[in-house]
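Heads up: the structure comes next, in structure tokens.
The values are calculated or read from the model by the stated rules, or taken from the named source; none is laboratory data. Computed from a predicted structure; not experimentally measured. Methodologically, a virtual Cβ is constructed for each residue, glycine included, from the backbone with ideal geometry; neighbour enumeration extends over all protein chains shown.
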Amino acid sequence: MEKCLLSIDWDYFISEKKNNRCSFIENNRSLIDLWYKRYIEAKARGEDIQDAFQLSSEWDKFWDSIKKHFRFGKNIKAYVSDSHALSYKIAKENNCSIVYLFDSHADLGYGGLSSLDFEVNCSNWLGKLFKDKQIVRANIFYSPFTSEKPEHFKAINNIYNVGYYKFSDLNELEKCVSVSAVHICRSGAWTPPWLDGMFVQFINASGIPYEMVNCPERKWDTDNIRLSDMIDYLMA
């Protein structure tokens with residue numbers, strides 16, 4: 001039986017009014033400092049950055065729907081991280097040949113086939129799994145808020161077995177898919193820190209024992225920003 005990795009990015013549930021999800025380097029500044037910078041800049045324009053992001057009402061119903069189509073073994077384990085790049089390691093160590101991905105980004109590599117020559121990172125881990133012959137198929141369920149399109153990955157799609165779906169398409173795919181491992185990713189460079197509490201609730205709602213792997217707590221306190229902090233944030 002083929003082993004499956006179920007990989008879920010928290011940004012699947014988050015929409016941004018301007019839909020301006022550009023690429024960020026995953027580091028401490030992008031995890032928290034840049035969010036404070038955006039907050040300060042928005043405030044200067046008379047805006048509240050928290051109004052620019054919305055959490056889909058589907059986030060707290062997700063697991064009920066998933067468990068109608070996926071089968072989880074008694075000893076299954078979930079991994080929670082900030083970076084989605086960890087999915088590469090999880091798939092490899094669990095001998096998964098299929099990936100079901102729920103995400104706003106395909107993570108196939110954003111520079112054509114040449115992007116798969118780089119080391120594994122948050123933007124190419126799925127493409128690297130194909131190139132390194134670790135998986136034979138990927139089923140990508142795009143967030144309804146994504147700005148990406150399958151044709152953006154034409155070169156990769158022509159070589160590898162990649163399918164693109166909407167959540168409603170689950171009814172047309174295999175029934176009772178057997179899941180060998182689960183990865184839940186926060187993608188803090190793209191998801192706002194004031195929603196981290198909801199993220200924890202989402203993890204717990206899975207009912208699956210999990211291990212935290214390099215997912216640092218983010219504190220969001222806009223009432224106590226010092227002038228020195230503000231200067232540092234604006235320089236981020």
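Odds and ends about this structure:
- Enumeration of residues in the range 69-92 that are without any contact (Cβ under 8 Å) to a residue 40 or more places away in the chain and either of a type in the set (Asp, Glu) or loosely packed, with under 13 Cβ neighbours inside 10 Å (or both): Lys74, Asn75
- Listed by first and then second residue, the pairs linking a residue in the range 130-146 that is on the phi > 0 side of the Ramachandran plot and at pLDDT below 95 to a residue that is surrounded by fewer than 16 Cβ atoms within 10 Å (Cβ to Cβ) and small (Gly, Ala, Ser), with Cβ atoms under 9 Å apart and 6 or more places separating them unless they lie on different chains, form an empty list.
- Count of residues meeting criterion [over 30 Å from Met235 (Cα atoms) and in contact (Cβ under 8 Å) with a residue 60 or more places away in the chain] in the range 39-57: 1
- Scanning the range 159-178 for residues that are over 13 Å from Phe102 (Cα atoms), modelled with pLDDT under 95 and not basic (Lys, Arg) yields Asn171, Glu172, Leu173, Glu174, Cys176, Val177, Ser178.
- Of all residues in the range 172-188, those that are assigned to a loop (DSSP other than H, G, I, E, B) and buried (at least 22 other Cβ atoms within 10 Å of the Cβ) total 3.
- Matching residues in the range 157-191 - criterion: being over 25 Å from Met1 (Cβ atoms) and touching a helix residue (DSSP H, G or I) at 6+ places or on another chain (Cβ under 6 Å): Arg186, Ser187, Gly188, Ala189, Trp190, Thr191
- Any pair with Cβ under 7 angstrom, 6 or more apart, that starts in the range 147-160 at a residue that is closer than 23 Å to Asp11 by Cβ and ends at one that is polar (S, T, N, Q) and not in a loop (DSSP other than H, G, I, E, B): Pro150/Asn157
- Verdict on His105 being surrounded by fewer than 17 Cβ atoms within 10 Å (Cβ to Cβ), in contact (Cβ under 8 Å) with a residue 24 or more places away in the chain, of a type outside the set (D, E, K, R) and under 22 Å from Lys166 (Cα atoms): no
- Candidate set: the range 189-206, residues that are small (Gly, Ala, Ser) and at pLDDT 95 or above; chosen: the one surrounded by the most Cβ atoms within 10 Å (Cβ to Cβ): Ser206
- Gly127 vs. criteria free of Cβ contacts under 8 Å to residues at least 60 places away in the same chain, assigned to a loop (DSSP other than H, G, I, E, B) and touching a Ser or Thr at 6+ places or on another chain (Cβ under 9 Å): no
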